[in-house]
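Have a look at the structure below before the remarks.
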Amino acid sequence: DKDRSKRNSKSLQSGQGIVPLEILMMGWMCFLTVAFVTLVVFAVDLAAGSKALYLYEVDGEPKDPVLEYLVKEGKPRFEQNHPIFLWRQETTSYRPPPRVIEFYAPWCPHCQHFVSKYVKMAKEIHAVHPNIEFHAISCVAHHDICKDQGIRSFPTVKVLKEDSYDFNEIKLGEVDAEHILRELGLSNDSVGKTKKNDSKHNNLHEKARDVPFRLRDGRDVRSDQGIQSIPS
């Protein structure tokens, strides 16, 4: 009886029977180990993401044909915050071509996934309409521009017709070559036909990951002080 009492004192009663205390302790140790490793991985990823400013030009390597709008040292602040493809300049006769502009935050997971889709779409359209420009603006590097443009979620895609500065925002679920060309008032007869079936198949995956990123997280607080001034 005494031995049985000692054994029971080292066990806990469950709905199915006796669970040894040693097994519970091992379970907790496994849980804590996994939690610790997860936190370490998150911290490393956070440190790396906090230093990133751009997604479309990394280490001097551009992702053609997308044009990353870079910060230019020594350029006047007003001029830096009013690129000619976004704002009409009264002192020039420049007539902008049709253009597509993505506003993003480099720490945003949805923006990171969207890079390959945006580049692929730009190449597909360029093959038929090489005059269309594709731009990307980092809201970490250019928070004033994103604030002026009223950017509230990432990524945000806008299109502008030729010689126009009137924006039309495109829902992420509708960002494809045919829809973009339709919004720009251009022919889309030769775009997307060869890969139509692949596009339909991939849409199931794209819709799941193209939900706009609206919540701020630790990366926003640590690496994107400018974005904090944009109303959420």
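Out of the residues in segment 141-156 that are open to solvent by 20 Å² or more (accessible area, probe 1.4 Å) and in a loop (DSSP other than H, G, I, E, B), which is nearest to Val71 (Cα to Cα)? Outline the logic, then answer.
At the first step, the residues of segment 141-156 found to be open to solvent by 20 Å² or more (accessible area, probe 1.4 Å) are 141, 143-144, 147-150, 152.
Keeping just the survivors that are in a loop (DSSP other than H, G, I, E, B) gives 141, 149-150, 152.
Details: Ala141: 7, Gln149: 17, Gly150: 20, Arg152: 21 Å.
The qualifying residue nearest to Val71 (Cα to Cα) is Ala141.
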With criteria (1) under 17 Å from the mean Cα position of the chain (by Cα); (2) within 29 Å of Pro76 (Cβ to Cβ); (3) among the hydrophobic types (A, V, I, L, M, F, W, C), Val159 comes up short on (1)
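Kindly provide the set of residues from segment 162-173 that are surrounded by fewer than 17 Cβ atoms within 10 Å (Cβ to Cβ) and either modelled with pLDDT of 90 or more or part of a strand (DSSP E or B) (or both), ordered by number. Let's see the steps before the verdict.
Taking segment 162-173 as the starting set, the residues that turn out to be surrounded by fewer than 17 Cβ atoms within 10 Å (Cβ to Cβ) are 162-169, 171, 173.
Selection gives Glu162, Asp163, Ser164, Tyr165, Asp166, Phe167, Asn168, Glu169, Lys171.
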Considering only segment 68-122, state which residues are crowded, with 17+ Cβ neighbours inside 10 Å, among the hydroxyl-bearing types (Ser, Thr, Tyr) and either under 15 Å from the mean Cα position of the chain (by Cα) or farther than 23 Å from His143 by Cβ (or both). Tyr104, Tyr118
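Just to be sure, is Leu55 at pLDDT 80 or above, open to solvent by less than 70 Å² (accessible area, probe 1.4 Å), in a loop (DSSP other than H, G, I, E, B) and touching a helix residue (DSSP H, G or I) at 6+ places or on another chain (Cβ under 6 Å)?
On the way: at pLDDT 80 or above: yes; open to solvent by less than 70 Å² (accessible area, probe 1.4 Å): yes; in a loop (DSSP other than H, G, I, E, B): yes; touching a helix residue (DSSP H, G or I) at 6+ places or on another chain (Cβ under 6 Å): yes.
Taking the combined requirement at face value, the residue satisfies it.
Looking at the structure I just gave you, is Ile132 in contact with a helix residue (DSSP H, G or I) (Cβ under 8 Å, 6 or more places away or on another chain), within 28 Å of Gly185 (Cβ to Cβ), among the β-branched types (Val, Ile, Thr) and surrounded by 11 or more Cβ atoms within 10 Å (Cβ to Cβ)? First the steps, then the outcome.
On the way: in contact with a helix residue (DSSP H, G or I) (Cβ under 8 Å, 6 or more places away or on another chain): yes; within 28 Å of Gly185 (Cβ to Cβ): yes; among the β-branched types (Val, Ile, Thr): yes; surrounded by 11 or more Cβ atoms within 10 Å (Cβ to Cβ): yes.
Against the criterion (in contact with a helix residue (DSSP H, G or I) (Cβ under 8 Å, 6 or more places away or on another chain), within 28 Å of Gly185 (Cβ to Cβ), among the β-branched types (Val, Ile, Thr) and surrounded by 11 or more Cβ atoms within 10 Å (Cβ to Cβ)), Ile132 qualifies.
Here is a check on your reading of the model: is Val159 farther than 24 Å from Ala52 by Cβ, in a strand (DSSP E or B) and open to solvent by less than 20 Å² (accessible area, probe 1.4 Å)? Outline the logic, then answer.
On the way: farther than 24 Å from Ala52 by Cβ: yes; in a strand (DSSP E or B): yes; open to solvent by less than 20 Å² (accessible area, probe 1.4 Å): yes.
Against the criterion (farther than 24 Å from Ala52 by Cβ, in a strand (DSSP E or B) and open to solvent by less than 20 Å² (accessible area, probe 1.4 Å)), Val159 qualifies.
The values are calculated or read from the model by the stated rules, or taken from the named source; none is laboratory data. Here the structure is a predicted model, which is why all the values come from computation and not from measurement. Note that we place each Cβ from the backbone using ideal geometry, even for glycine, and neighbour counts take in every protein chain shown. Ligands, DNA and RNA are stripped out before the accessible areas are found, and what is left, the full protein with its side chains, is counted by its heavy atoms. Shrake-Rupley method; radii C 1.70, N 1.55, O 1.52, S 1.80 Å.
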